[in-house]
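Asker: To start, I am sharing the structure in question, which I have written as structure tokens.
The values are calculated or read from the model by the stated rules, or taken from the named source; none is laboratory data. It should be emphasised that the depicted structure is a prediction, and the values quoted were computed from it without experimental measurement. Cβ placement follows ideal geometry from the backbone for every residue including glycine, while neighbour counts extend to all protein chains displayed.
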């Protein structure tokens, strides 16, 4: 088994060396910023390993079960980090990481894909039908996701019955999960082409036996939990030391470390001029966050608190909301015109940078 | 004449039996919720009869006059109910019913059409050109319609010259009517294909003589007025008894009872895989509300009040406004990607349900 | 040289007679409204002359340098007027003229083009690919441009660190200029078809020698500076006399006089059924304003003030912002459906009129 593992070692795996460093640092009380940084670095290859083990299992189990595995484990690392953060009471960080993930996928990942793909291949064309259908689904998901926020902001100052926002958040989360289930059902029945929700990248899957894959999956998951605990434990000290807000960590940092490996794949396939696949990764990952991760977090948070009032709701601040709507509309436009170039990529990336600067200045 | 009438009796017509019940209930002071409910039920077949009589007249008068008849009488039942409500001073209910109609057409009707059409026929394709042109017209209409609201909300708290909002509402209503007139002119001159504004469904038209159709039209109209009076008279008692807001009745209930027959047609043709016609009904009905019903109500309300201040303006609350913009953008996306599936239908319906729940919680 | 000049005299050039009138009026203290009006009229042919001289130079210098000339001098007249206004401290007027230019191009110019083009040619079709790419770029530019405003409005009332908005505005302006540079680089390398940023209209260029063109350019520029000084000097008196706000002058009047000649070209080519070129002028001009004129003004204003606090920022009021977003989305829709008709043109024009009325009522 070690032999097969050794064969599939990639550059990213060397970052695993940061994991023992993080453990040592957290036990020996090294400076919080250092421990936080190595924990972040350690999470990158761990997330990648979960992804690889899932792909390896998907190859063995066939497309249907494989698709289901991908649909539930596709954002496993991010899900674990945020659940650990919820248990630690860092609700602002968790909520910010939901929007941050969607923004990162639609602006940074899509932007980098268009930029590097366009620089390599010039004007890139792709079939717009499939991308447009995914974009429409994403817009619908975001509209539903933003109802609690809009409800909250339009009524600020007025006296609402207690817990109304929490009930609406739970209702929206429930509808989301149902839609996600319907989406899975849809994509498992429609064999004609893959759905972004159950997308598998079998070419890249390592050739592991189901046993090897299972062990890697279990070990990587346990390690992600451990690294997340370390990371979350240092958040307060880090925000104090660096003058950053919990919100900023959540919206920029968490999404990047949870998805960096997947992001690189999107850029890679864009450079290979497979724009449809590249857009599917960015749009599909965003859909998973909106329809699956966000509602799961809402329900999980109910388990960690005595009162509904202190659970995770789906109220985002107005600036997040507008950024989200803008990102979704832009990606719908990009996906619907059937043609991309590096300039569009540079613009998407620029919008992400500008939003990042603004988020940096946003008061806690 | 009775013989021809009997031939064209459909299931929906049996609901007419609710009409005498509503009359009896209102005269004998039966419980308000019951009287309200039977008046609602009675309005469904009456609205259908007006529609059938209009179609029958359209067959006789030829496409031009027929198109005009449809364009003005297409939402006759809803127009009558809202005018009766304006006279009773229920301005909140009336305004809510304008947005509710548009939301219902774009989310519920379109959603049900895509859902049932997709379940029956799988992926449904349609020519995007025509639908996209209609969607563009609708976006323009909604932008114009929302100017008074945006103006009002961005200036809240500031001192505006008295009646500014009323003047702007009147101005917008005037421009709308002119655009509607231009739209009719356009669609009557362009014979190449039908316009959503003057759409006739002649296959479904009953074979009535013009005299029969005229009598049915007059009788049904009178009955709608009567049932509306009964319904409006009970609104206050019903909202008190059920704990619903006048706003909620307006945004969910009135649009449904005014249009349910037409809505069923949209779903029916979607199941028959005629997605273009189905989208045309949903988009066209929304366009009629925005460009014709809303401005007519603004002008009608001037006749029922001494002071401009208490007339109907076009200021919708922020939540309505955002729901409207979201619905219009979604329908534009759906119409522009040339392909639908049942999952999109489920999502549209889910967005409508989520909005409905939120509207339920919205304080009066 | 005078001979060649005489050959290329058009009707619009006779408006130059207003220039000496404006000078005389300003020296002899004629009524402010009259002086203001003739200065406005004089600026129309002067802006046109700068355009003609640029085109003439572009013919001689070849497409690359010519494209660059157009990209920088395409909005020269408006740039000069606004710089003079910044020096006079009329920041409200300048900011309003930025949004006003974009709104004017996307609603009034595009609307008039579709209206007259459609009346002449019926349903007009065009290749949607190119227009859609430009529209996507424009949406991205507007999203970036609106970040400072959204940041400001969502945080109103909260205590922000001093100058945060100014820093964000400068950051956004810097990113814009970089994107503009990248856009120029892109369009100069991609010879396959012209970019809206470097669009030249060589068929219309007068046949001037480089020397003649240079002299005309220098003289017209100097005259625009002079006329702008006169116009700006009278703004305060005019707003007082006519009861108009500085904001209204900026959002409606300045954009029209700075671009009227170019606007007429867009309508002209639409009537000749060249919808692609017509849309390119409207979209390209908007892109130039957003990506080049607006950031240049931000940096220029730094030179005219001692404190960052009184420099030009990019915070637009909420109503402007919503109008901008609506206009951009509409133009994206119109450009993406590949087909226009006069009714869409009438609707775009109507939206512009409605916004104009609302801007008129907007308190200073």
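Asker: Conditions: (1) part of a loop (DSSP other than H, G, I, E, B); (2) at pLDDT below 85; (3) surrounded by fewer than 21 Cβ atoms within 10 Å (Cβ to Cβ). Residue A:244 meets all but one. Number of the miss?
Answerer: It is condition (2) that residue A:244 fails.
Asker: Quick check, is residue A:269 surrounded by fewer than 20 Cβ atoms within 10 Å (Cβ to Cβ) and part of a helix (DSSP H, G or I)? Steps first, answer last, please.
Answerer: Numbers: surrounded by fewer than 20 Cβ atoms within 10 Å (Cβ to Cβ): no; part of a helix (DSSP H, G or I): yes.
No: the conditions fail for residue A:269.
Asker: Same structure again: With the checklist (1) at pLDDT below 90; (2) surrounded by 20 or more Cβ atoms within 10 Å (Cβ to Cβ); (3) under 20 Å from the mean Cα position of the chain (by Cα) in hand, flag the one item residue A:148 doesn't pass.
Answerer: (3)
Asker: Name the single residue that is nearest to residue B:77 (Cα to Cα) among those in the range B:20-30 being in contact with a helix residue (DSSP H, G or I) (Cβ under 8 Å, 6 or more places away or on another chain) and surrounded by fewer than 21 Cβ atoms within 10 Å (Cβ to Cβ). Write out each step before concluding.
Answerer: From the range B:20-30, those in contact with a helix residue (DSSP H, G or I) (Cβ under 8 Å, 6 or more places away or on another chain) are B:21-23, B:25-26, B:30; that's our starting set.
Narrowing further to those that are surrounded by fewer than 21 Cβ atoms within 10 Å (Cβ to Cβ): B:21, B:23, B:30.
Working: B:21: 19, B:23: 18, B:30: 25 Å.
If we take residues in the range B:20-30 being in contact with a helix residue (DSSP H, G or I) (Cβ under 8 Å, 6 or more places away or on another chain) and surrounded by fewer than 21 Cβ atoms within 10 Å (Cβ to Cβ), then B:23 is nearest to residue B:77 (Cα to Cα).
Asker: Among the candidates B:341, B:313, single out the residue that is under 21 Å from the mean Cα position of the chain (by Cα) and either within 26 Å of residue B:265 (Cβ to Cβ) or touching a residue at least 12 places away in the same chain (Cβ under 8 Å) (or both). Show your work before the answer.
Answerer: Values: B:341 fails: under 21 Å from the mean Cα position of the chain (by Cα).
Exactly one residue qualifies, and that residue is B:313.
Asker: With under 30 Å from residue B:205 (Cα atoms) and touching a residue at least 40 places away in the same chain (Cβ under 8 Å) as the only criterion, which of B:351, B:334 stands out?
Answerer: Details: B:351 fails: under 30 Å from residue B:205 (Cα atoms).
None of the others qualify; the one that does is B:334.
Asker: Let me ask another. Here are some residues: A:217, A:249, A:277, A:231. Which one is closer than 23 Å to residue A:133 by Cβ and under 19 Å from the mean Cα position of the chain (by Cα)? Working first, answer last.
Answerer: Values: A:217 fails: closer than 23 Å to residue A:133 by Cβ; A:249 fails: closer than 23 Å to residue A:133 by Cβ; A:231 fails: closer than 23 Å to residue A:133 by Cβ.
After applying the criteria, what remains is A:277.
Asker: Can you tell me which residue is surrounded by the most Cβ atoms within 10 Å (Cβ to Cβ) among those in the range B:318-328 that are within 7 Å of chain A (Cβ to nearest Cβ) and either in contact (Cβ under 8 Å) with a residue 12 or more places away in the chain or not in a helix (DSSP H, G or I) (or both)? First the steps, then the outcome.
Answerer: Going residue by residue through the range B:318-328, those that are within 7 Å of chain A (Cβ to nearest Cβ) are B:318-319, B:322, B:326.
From the residues that got through so far, the ones that are either in contact (Cβ under 8 Å) with a residue 12 or more places away in the chain or not in a helix (DSSP H, G or I) (or both) too are B:318-319, B:326.
Details: B:318: 17, B:319: 19, B:326: 24.
Filtering the range B:318-328 for residues that are within 7 Å of chain A (Cβ to nearest Cβ) and either in contact (Cβ under 8 Å) with a residue 12 or more places away in the chain or not in a helix (DSSP H, G or I) (or both), the one surrounded by the most Cβ atoms within 10 Å (Cβ to Cβ) comes out as B:326.
Asker: What number of residues within the range C:332-341 satisfy the criterion of being more than 7 Å from chain B (Cβ to nearest Cβ) and part of a helix (DSSP H, G or I)?
Answerer: Total meeting the criteria: 2.
Asker: For the range C:343-364: of the residues being more than 7 Å from chain B (Cβ to nearest Cβ) and assigned to a loop (DSSP other than H, G, I, E, B), which is surrounded by the most Cβ atoms within 10 Å (Cβ to Cβ)?
Answerer: Checked the range C:343-364; the qualifying residue surrounded by the most Cβ atoms within 10 Å (Cβ to Cβ) is C:362.
Asker: Could you please let me know if residue A:156 is at the interface with chain B (Cβ under 7 Å from one of its Cβ atoms) and either more than 27 Å from residue C:179 (Cβ to Cβ) or at pLDDT 85 or above (or both)?
Answerer: Values: at the interface with chain B (Cβ under 7 Å from one of its Cβ atoms): no; either more than 27 Å from residue C:179 (Cβ to Cβ) or at pLDDT 85 or above (or both): yes.
So residue A:156 does not fit the description; no.
Asker: Which of the numbered conditions does residue C:142 fail, given that it passes all the others? Conditions: (1) more than 20 Å from the chain's Cα centre (by Cα); (2) at pLDDT 85 or above.
Answerer: Only one criterion is unmet by residue C:142, namely (1).
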